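Contents: one structure, followed by commentary.
The values are calculated or read from the model by the stated rules, or taken from the named source; none is laboratory data. Note that the coordinates shown come from a computational prediction; the quantities given were computed from them, not determined experimentally. Cβ placement follows ideal geometry from the backbone for every residue including glycine, while neighbour counts extend to all protein chains displayed.
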Amino acid sequence: METTAKKETIWSLPFIILMAVNLFQSMAAFMAGTTLPLYIDSMGATTGMIGIVVSSFTVTALLIRPFAGPAFDSFSRKWLLIASQAITCMCLFLYGVVDTLEALIVVRLFHGIGIGCGGPLAMSLVSEFLPKAKFASGISIYALAQSVAQVIGPAVGLYLIDAIGFSVTYASAAACVLVAIMGILLIKEPYHERLKYELKLDRMFAPQAVGKGVALMLLATSFSCMTSYVVLYGYSVGVEQMSLFFVIYALCLFVTRPLFGSLADRFGTPRLLAVGILFFASSYIALSFANSLPGFILAAVLGSAGFGCCAPLLQSLALASVPISRRGAASNTTFTGMDLGTLLGPIIGGFVVESLEPAMGSLSGAYSSMWLVMLIPAIGTLLISIYWLVKQKIQTSPE
C-alpha cells in the first residue's frame with residue numbers, strides 16, 4: 001500500500017527542481033513579454049508593427065519544429081533544454097543592446113529557436129516524472145510556477161524600465177534564465193527508449209495530439225492579443241496600475257489551476273475544458289467594457305479560469321495520449337499550435353485595431369471592439385471541446 005501511494009504522488013525532487021526552473025525562465029519571459037511592446041512603442045512603431053515584432057519569434061519557432069521534433073525523442077531532452085535556454089539567455093541580453101526595429105526583429109527571430117525548443121522539451125521532461133493517474137493535476141501544478149512568474153515578472157519588468165531603463169531590465173531577465181540553466185544541470189534524466197533520428201512527419205508531430213494543437217492554436221490566437229495589447233489598452237483608457245492586472249490574474253491561478261487539474265483527473269478533461277473556455281470568453285467581454293481598474297481586475301479573475309487552465313489541460317491530454325518515447329513529438333505538436341496562435345494573434349489584433357480606429361473614433365474604442373473579435377477563435381475551441389465531450393460520453397456509455 002505504501003509503495004502504491006508513493007508511486008502515485010507527483011512530488012519528487014526532480015519535479016520540484018523543474019518547477020523552480022519553470023519559475024525562473026517564465027519570470028524572464030514575462031519581464032520581457034510585458035515590456036517589449038512598450039520598448040517597441042518607444043522606437044516610434046505603429047500598433048500593427050508592434051504586433052509584427054512581438055510575434056516575429058514564432059516564425060523561427062515554427063520553422064525549427066519539423067527538425068527539432070524528432071530530436072526530442074532521439075537525444076537527451078535535458079541537454080537539448082539547456083542549449084535552448086542558453087539561446088534564450090543570449091537573446092534577452094541582446095534586447096537591451098539593439099536600438100533599431102530591424103535589429104530587434106533579427107534578435108527576436110533568433111530567440112524563436114530557443115523558445116520553439118524550450119517549451120516542448122521542458123513539458124516532455126517533466127512528464128517523465130509524473131504518474132499517469134495524476135497527469136492533468138501534475139501538469140497543472142507544474143504550470144503554477146508560471147503563476148508566480150506572472151505575479152513577479154510583469155510587475156518587476158514595468159518597475160525596472162521606469163527605474164533603470166530597458167537595457168538593465170533585459171539583462172536581469174537574462175540572469176533569471178542563467179539560474180534556470182543551473183537548475184536543469186541538477187536533474188538526472190530518467191531512462192527512456194530513444195528513437196532513431198528521422199525526418200518523418202509522424203516523428204515531427206504526433207497524430208494523436210493534432211486536435212489538441214488546433215484547440216491550443218485557436219485559444220493562443222486570442223490570448224496573445226491580451227499579452228500584447230492589454231497594457232497599451234489600459235494606458236489608453238487612463239489606467240496606470242496595469243501591473244495589478246497580471247498580479248490578480250496570477251494569484252487566482254493558484255486556486256483555479258490545481259482545482260481544474262484535479263477535477264479533470266476525476267471528471268474528464270473535455271468537460272473541464274468547456275467550462276474553462278466559457279470563463280475565457282467572459283474575460284474578453286469584461287475587457288471590452290473595462291474603463292477602470294476594477295473592470296480589468298474582473299477580467300483577470302475570469303481569465304484565470306480561462307487560458308491559464310485550458311492550456312495545461314490540453315497539454316496533459318496530448319502527453320497522456322502517447323507513450324513516453326513519443327512525448328517529445330506530442331509536446332512539439334501542441335506547442336506548434338500555440339506558436340501559430342501566438343504568431344497570428346498580435347498581427348490580427350493590430351490589424352483590427354488600426355482598421356477600426358477611424359470608425360470607433362478613438363484608439364481605446366478600437367481596442368474595446370478588438371476584444372470582442374477575439375471571441376471568434378475561442379468559440380472554435382469550445383466547439384472542439386464539446387465534440388470531445390460527446391465522443392467521450394458515447395465511448396463510456398453502456399452498449
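Of everything in the stretch 247-258 that is among the hydrophobic types (A, V, I, L, M, F, W, C) and closer than 20 Å to Pro294 by Cβ, the residue that is surrounded by the most Cβ atoms within 10 Å (Cβ to Cβ) is Leu253. Summed over the stretch 83-99, the residues that are assigned to a loop (DSSP other than H, G, I, E, B), of a type in the set (A, V, I, L, M) and either surrounded by 22 or more Cβ atoms within 10 Å (Cβ to Cβ) or in contact (Cβ under 8 Å) with a residue 60 or more places away in the chain (or both) give a count of 1.
One residue stands out among those in the stretch 235-270 that are part of a loop (DSSP other than H, G, I, E, B) and modelled with pLDDT of 80 or more: the one that is nearest to the chain's Cα centre (by Cα), which is Met242. With respect to (1) surrounded by 17 or more Cβ atoms within 10 Å (Cβ to Cβ); (2) touching a residue at least 60 places away in the same chain (Cβ under 8 Å); (3) among the polar types (S, T, N, Q), the lone exception for Ser76 is condition (1).
Quick grid of which residues meet (1) small (Gly, Ala, Ser); (2) in contact with a strand residue (DSSP E or B) (Cβ under 8 Å, 6 or more places away or on another chain); (3) in contact (Cβ under 8 Å) with a residue 40 or more places away in the chain; (4) farther than 30 Å from Ser84 by Cα:
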site: Leu343; (1), (2), (3), (4): no, no, yes, no
site: Gly350; (1), (2), (3), (4): yes, no, yes, no
site: Glu354; (1), (2), (3), (4): no, no, yes, yes
site: Leu389; (1), (2), (3), (4): no, no, yes, yes
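Screening the candidates Lys188, Lys212 for the property of being buried (at least 21 other Cβ atoms within 10 Å of the Cβ), under 20 Å from Glu128 (Cβ atoms) and among the basic types (Lys, Arg) yields one hit, Lys212.
A count restricted to the stretch 10-38 and to residues that are outside any helix (DSSP H, G or I) and of a type in the set (A, V, I, L, M) stands at 1. Per the listing Ala175, Ala122, Ala155, Ala133, the residue uniquely closer than 16 Å to Ala29 by Cα and surrounded by fewer than 17 Cβ atoms within 10 Å (Cβ to Cβ) is Ala175.
Which ones in the stretch 173-196 are modelled with pLDDT under 80 and within 22 Å of Arg65 (Cα to Cα)? Matches in the stretch 173-196: His192, Glu193, Arg194, Leu195.
Please determine whether any residue of the stretch 357-370 is surrounded by 16 or more Cβ atoms within 10 Å (Cβ to Cβ), free of Cβ contacts under 8 Å to residues at least 24 places away in the same chain and of a type in the set (Asp, Glu). The answer is yes, given that some residue of the stretch 357-370 is surrounded by 16 or more Cβ atoms within 10 Å (Cβ to Cβ), free of Cβ contacts under 8 Å to residues at least 24 places away in the same chain and of a type in the set (Asp, Glu). Starting from residues that are modelled with pLDDT under 90, in a helix (DSSP H, G or I) and hydrophobic (A, V, I, L, M, F, W, C), keep the ones in the stretch 302-313 and report whichever is surrounded by the most Cβ atoms within 10 Å (Cβ to Cβ). Filtering the stretch 302-313 for residues that are modelled with pLDDT under 90, in a helix (DSSP H, G or I) and hydrophobic (A, V, I, L, M, F, W, C), the one surrounded by the most Cβ atoms within 10 Å (Cβ to Cβ) comes out as Cys309.
Let's see how each residue does on (1) closer than 30 Å to Gly211 by Cα; (2) surrounded by fewer than 19 Cβ atoms within 10 Å (Cβ to Cβ):
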site: Phe245; (1), (2): no, no
site: Phe260; (1), (2): yes, no
site: Leu272; (1), (2): yes, no
site: Gly276; (1), (2): yes, no
site: Ile285; (1), (2): yes, yes
site: Pro294; (1), (2): no, yes
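Is it the case, given these coordinates, that Leu232 is within 30 Å of Ser362 (Cα to Cα), outside any loop (DSSP other than H, G, I, E, B), at pLDDT below 90 and in contact with a helix residue (DSSP H, G or I) (Cβ under 7 Å, 6 or more places away or on another chain)? Criteria met by Leu232.
Figure legend. Inter-residue proximity from the stretch 32-59: first residues within 19 Å of Ala366 (Cα to Cα) and buried (at least 22 other Cβ atoms within 10 Å of the Cβ), second residues modelled with pLDDT of 80 or more and charged (D, E, K, R), beta-carbon distance below 6 Å, spacing 6+ or different chains. Indicated pairs: Thr47/Glu354. When restricted to residues that are aliphatic (A, V, I, L, M), closer than 19 Å to Gln150 by Cα and touching a residue at least 40 places away in the same chain (Cβ under 8 Å), the stretch 279-320 contains 9. Residues in the stretch 230-242 that are surrounded by fewer than 19 Cβ atoms within 10 Å (Cβ to Cβ) and not hydrophobic (A, V, I, L, M, F, W, C): Tyr235, Ser236, Gly238, Glu240, Gln241. When the stretch 119-175 is limited to residues that are among the aliphatic types (A, V, I, L, M), under 17 Å from Leu263 (Cβ atoms) and assigned to a helix (DSSP H, G or I), the one that is farthest from the chain's Cα centre (by Cα) turns out to be Ala133. Taking (1) surrounded by fewer than 24 Cβ atoms within 10 Å (Cβ to Cβ); (2) hydrophobic (A, V, I, L, M, F, W, C); (3) at pLDDT 85 or above; (4) within 21 Å of Phe205 (Cα to Cα) in turn, Cys117 satisfies each apart from (1).
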